[in-house]
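The block underneath contains the structure these notes are about, expressed in structure tokens.
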Amino acid sequence: MADNENTTVRIVDIARMAGVSVATVDRVIHNRGKVSEENLARINEVLREVNYRPNLIARSLASGRRYRLAVVMPRFAPGEYWADFDAGITRAEAEARRYNVSVRKFVFNQYDRSSFEKLLVRLHDEAFDGAVIATLFAEMVAPFVRELDERGVPYVFVDSNIPECNQLAYFGTSSFDAGAVAARLLFDRLDPDADIVVGRIIHHGDGGSNQCRSREEGFRSYLREKGFRGKLHYAALRLDDEDYNRGVLDELFLTHRTIAGAVTFNSTCYILAGYLAARRRTDVRLVGYDVIRRNGQMLDAGVVTALIAQRPEAQGYRGVMALCEWLVEGRRPDAPVNHMPIDILLKENIQYYKNNLI
């Protein structure tokens with residue numbers, strides 16, 4: 001039986017194309033025994049031409065080796081952004097079991113830096129062969145992955161990239177460009193002198209996630225380039241504290257009557273949208289991120305102008321599978337940076353969109 005996921009190309013076919021014996025091809029594919037440099041080069045050239053992929057299941061079962069992956073991600077409630085990411089992890093986990101790869105999730109509070117610090121302490125004592133890491137707290141992720149480098153543990157980044165690290169791959173959007181997209185969606189609908197509200201969720205211990213900061217940089221850069229003459233006003237908001245948020249926003253809109261736009265750089269745009277709906281502020285254009293249930297409802301109701309999505313399920317799935325292929329097969333991802341599409345959702349097309357595009 002062919003040791004290949006493509007049944008149209010067998011080892012005997014590769015041997016014939018390379019002009020060598022089947023045994024020589026077998027030694028190259030399974031990395032056992034010596035092969036001359038000339039034959040190795042000829043075989044590798046044929047393997048590239050036919051896009052040969054070894055049977056990972058057979059290889060992993062034959063070796064008897066078991067691998068453990070750690071997924072470091074925020075905890076979530078049903079209907080939130082990270083629930084879609086988790087769905088991708090779960091789908092990949094089912095496939096990974098066939099390769100003797102198990103997956104364990106380690107969660108933290110994305111709005112509390114100390115929660116992530118405590119998790120990192122815990123991870124020091126955990127044994128795993130690879131990690132998928134959500135990079136919300138970039139300042140702490142960087143020293144943590146340096147320890148993984150020293151231990152020889154490969155890791156994949158999701159959510160946002162940290163280019164100076166040695167990650168096997170990144171799966172996610174370009175956060176900077178996603179910020180520029182949000183700016184364009186607002187700028188094209190506003191007078192250049194209009195002011196914009198930036199909603200920020202209050203974090204405990206630091207100034208927000210790595211991704212939100214990168215999105216804001218892209219947002220500001222686009223506005224500068226286009227000659228934006230208004231002002232950005234920041235609203236520090238709380239999760240699940242409607243009374244507090246109403247007071248903050250009432251004062252902001254009362255003081256700055258030229259506000260005509262609003263944006264949030266994470267998935268909580270429903271908070272600003274809820275306020276605008278309650279105050280019947282149909283004159284304010286609001287752009288947010290992520291197709292979670294509450295955001296989608298506000299988009300469908302016409303309170304949110306547009307949502308920007310980043311396919312979280314695909315991020316989770318591809319992150320786990322990239323580590324499986326590297327650990328079992330020694331095969332690197334096709335590219336170190338794998339950008340997800342920056343999807344723009346409007347009231348007219350949201351009904352056709354699904355986060356689980358893989």
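The values are calculated or read from the model by the stated rules, or taken from the named source; none is laboratory data. Every value quoted in this text rests on a predicted model; they were computed, and no experiment measured them. Counting neighbours? That spans all protein chains shown, and the Cβs are built from the backbone with ideal geometry, glycine included. Heads up: the accessible areas ignore ligands, DNA and RNA and are worked out on the full protein's heavy atoms, side chains in. Shrake-Rupley method; radii C 1.70, N 1.55, O 1.52, S 1.80 Å.
Below is a table of values for the structure above.
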quantity	calculated
Flag for ASN356 being in contact with a Gly (Cβ under 9 Å, 6 or more places away or on another chain), among the polar types (S, T, N, Q) and either surrounded by fewer than 19 Cβ atoms within 10 Å (Cβ to Cβ) or modelled with pLDDT under 95 (or both)	yes
Count of residues meeting criterion [within 21 Å of LEU168 (Cβ to Cβ), open to solvent by less than 30 Å² (accessible area, probe 1.4 Å) and in a strand (DSSP E or B)] in segment 66-116	9
In segment 209-227, residue farthest from the chain's Cα centre (by Cα) [restricted to those that are surrounded by fewer than 20 Cβ atoms within 10 Å (Cβ to Cβ) and not in a helix (DSSP H, G or I)]	GLY227
Residue that is surrounded by the fewest Cβ atoms within 10 Å (Cβ to Cβ), among those in segment 172-199 that are part of a strand (DSSP E or B) and aliphatic (A, V, I, L, M)	VAL198
Filter result (free of Cβ contacts under 8 Å to residues at least 24 places away in the same chain, within 29 Å of ARG293 (Cα to Cα) and of a type in the set (Asp, Glu)) within segment 219-249	ASP240, ASP241, ASP243
In segment 239-255, residue most open to solvent (accessible area, probe 1.4 Å) [restricted to those that are part of a helix (DSSP H, G or I) and touching a strand residue (DSSP E or B) at 6+ places or on another chain (Cβ under 9 Å)]	THR255
Exclusive hit being buried (at least 20 other Cβ atoms within 10 Å of the Cβ), under 25 Å from ALA77 (Cβ atoms) and of a type in the set (A, V, I, L, M, F, W, C), set ALA278, ALA273	ALA273
